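In what follows, a structure is listed as structure tokens, so that the remarks can point back to it.
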Amino acid sequence: MGFEIEKLLRPHLVNLQPYSSARDEYSGTEGIFLDANENAFGSPTMEKYNRYPDPYQWELKANIASEKNLKKEQIFLGNGSDEAIDLLIRAFCEPGKDAILICPPTYGMYEVSAHINDVEVVKVPLTAEFHLNELAIESAMSEKTKLLFICNPNNPSGNSFSDKRIKHLIEKFPGIVVVDEAYIDFSENKSYLEFLGAYPNLVVLQTFSKAWGFAALRCGLAFASDAIISVLNKIKPPYNVNLLTQRIVNEAILEPEKKKRMVRAILEEREILKKALQDLEIVEKVYPSDANFLLVKVKEARQAYEFLVSKNVIVRDRSKVMLCEGCLRITVGTGSENKILINKLKEFARSLEIA
Ligand SMILES: *Cc1c(COP(=O)(O)O)cnc(C)c1O
């Protein structure tokens, strides 16, 4: 298809000279470091944090690379995958001129990031059954739609899209297709990482915020060709992933068993929660989920949401979102949390009958 990254990149970035940090110019570990204006005496805490961290997180990337069977140069780490979303838009979309293409209902940050950057958002809604509207997407593609975001499994609908449609879109799209796999660990489907070699215009996003249980650490990943990753590296803030995050994530990926056990437990609870919800009279539909949440259509959704909040049970109100009318998005909690949720929903149902 003749993919040329220079043609997609915003013109002023082609020859951009990136910030060269002190740690870029000399990266040895031994020596007397008087080059970065750090505090040579240490930190006021027991642990020392006085030295800037590795700007490219090479040790962590080496471990991720061997686990995923990729090269270190195909990995970008960000302050959450939200940072990767923002950097992709800033790299490829000229403000006031270019656009991104999204398929609502989907993750809100694509649109917010685009708007912050004064980049237009072309929306092609999913079908009523939450499938990609392939033909409509194809007719909405143009020279100015530089990025197509496909959230797979999708947030908030919870389903995965057809492989055939996604691949067809990657082949047809004139720009870069971003497949956001924030929830891939909860799905039986395979990651798109294996297609990076086949598709030079593919970016895969993953995150440590969901299955790995590290939302507070802020660490997300983008995987792509060396060429796309080097663009992100060029425009990122130099020390975007802090030392503690690099260290803790690194420890965790060397011991993946704990995470696998948590994912299995979440999947078991998801099925238990789904059945319990389906037994409630106020629940009209529980949508199929490949993620760690359920989209649930309930009677009087907004009132149910407010009732739950008043009982200190917080779910996500999606009842006014296109194609999710009347729905709540409920994250799978622990067994006891889910039981409390079910009991509070029963209480809400009784309060409706009395009223
Ligand atoms: C939660 C989520 C993310 C994760 O963002 P982080 O910044 O890595 O915490 C990304 N994409 C989708 C679709 C999500 O739901």
For this session: Would you check if there is a residue in the range 314-327 being part of a helix (DSSP H, G or I) and either touching a Leu at 6+ places or on another chain (Cβ under 7 Å) or of a type outside the set (Gly, Ala, Ser) (or both)?
Result: no
Exercise. Of (1) surrounded by fewer than 22 Cβ atoms within 10 Å (Cβ to Cβ); (2) more than 28 Å from Arg247 (Cα to Cα), Lys71 satisfies all except one. Which?
Worked result: (2)
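Give me the residue from the range 137-161 that is in a helix (DSSP H, G or I), out of contact with any Cys (no Cβ under 8 Å at 6 or more places or on another chain) and in contact (Cβ under 8 Å) with a residue 24 or more places away in the chain and, out of that set, farthest from the ligand (Cβ to nearest atom).
Once the filter is applied, the top-ranked residue is Glu138.
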For this session: Take the residues in the range 18-51 that are at pLDDT 95 or above and among the aromatic types (Phe, Trp, Tyr), then tell me which one is nearest to Ser230 (Cα to Cα).
Result: Tyr49
Exercise. Hey, which of the helices (runs of 4 or more DSSP H) in the range 14-122, taking only ones fully inside, have at least 2 residues that are hydrophobic (A, V, I, L, M, F, W, C) and within 16 Å of the ligand (Cβ to nearest atom)?
Worked result: 58-68, 81-92, 109-116
Problem set entry | Single residue of Leu273, Leu217, Leu277, Leu232 found to be within 21 Å of Phe186 (Cα to Cα), under 19 Å from the mean Cα position of the chain (by Cα) and at pLDDT 95 or above | Leu217
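The values are calculated or read from the model by the stated rules, or taken from the named source; none is laboratory data. This is a predicted model, so every value here is computed, not measured. Backbone-built Cβ (ideal geometry, glycine too); neighbour counts: all protein chains shown.
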